[in-house]
Amino acid sequence: MADAAAPPQLTKDQAKELLEEVEKLLWDNEENRNKLLAAIKEVREGPTADDPMQQKMALVQKLMPMVSEFMGQVLQKYGFADANESHKMAAMMQIQMHSMGDPKMMETVQKIMKALSGDYA
């Protein structure tokens, strides 16, 4: 059963490559970019428009599954199970761990985290 298997361990180089690929999927892929921008617009113009806290929560709830889906495409190449949410979380934790002490990686991680809250430019 693939989902029960432990997630693979990334080297720092693999984490860096994976992070770069996810960044490209989020910012350089026009189709993905348009989906994210449309979702952000939908939330900002929706029922939470007058409540900044509710809007922030709604943005995370709307964007997290989308970003997770985009990430899943890349994670499979590194041996992570796409449908396994614990694998995705393990990958993100490993990337964050490897980014400590690497300003470029940390900048990209922060850029992705900001995008999840609707700060996507």
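Laboratory data are not the source of any read-out in this text; all were calculated from the coordinates shown. Every value quoted in this text rests on a predicted model; they were computed, and no experiment measured them. Cβ atoms come from the backbone with ideal geometry, glycine included; neighbour counts cover every protein chain shown.
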Checklist outcome for this item: Once residue 41 and residue 11 are pulled to full extension, the length gained, defined as 0.36 nm per residue separation minus their Cα-Cα distance, is 7.1 nm
Checklist entry - What ³J(HN,Hα) values, in whole Hz, does the Karplus curve 6.51 cos²θ - 1.76 cosθ + 1.60 give for the range 107-121 when θ = phi - 60°, with x put for Gly and Pro? => result 4, 5, 4, 5, 4, 5, 5, 5, 4, 5, 9, x, 8, 10, 10
Next on the checklist: Between helix 52-75 and the chain, what is the angle of the helix's C-alpha long axis to the longest principal axis, kept within 0 to 90° and rounded to the nearest 10?
Outcome noted: 30
Next on the checklist: Using Cα-Cα distances under 8 Å and only pairs 6 or more residues apart, what relative contact order does the range 1-73 have, in percent?
Outcome noted: 29
Item to check | Extent along principal axes [Cα atoms of the chain; Å; largest to smallest] | outcome: 43, 36, 27
Checklist entry - Of 25, 99, 80, whose Cα points farthest to the positive end of the dipole of the range 12-116 (charges on the beta-carbon: +1 Lys, Arg; -1 Asp, Glu; origin at the Cα centre)? => result 99
Item to check | Per-residue HN-Hα couplings for the range 33-44 [Karplus 6.51, -1.76, 1.60; θ = phi - 60°; Hz; x = Gly/Pro] | outcome: 4, 5, 4, 5, 5, 5, 5, 4, 4, 4, 5, 5
Item to check | Dipole magnitude (debye, nearest 20) for the chain, charges at Cβ of Lys, Arg, Asp, Glu | outcome: 160
Checklist entry - Hey, what angle do you get for helix 12-27 against the long axis of the chain, alpha-carbon based, 0 to 90 degrees rounded to 10? => result 30
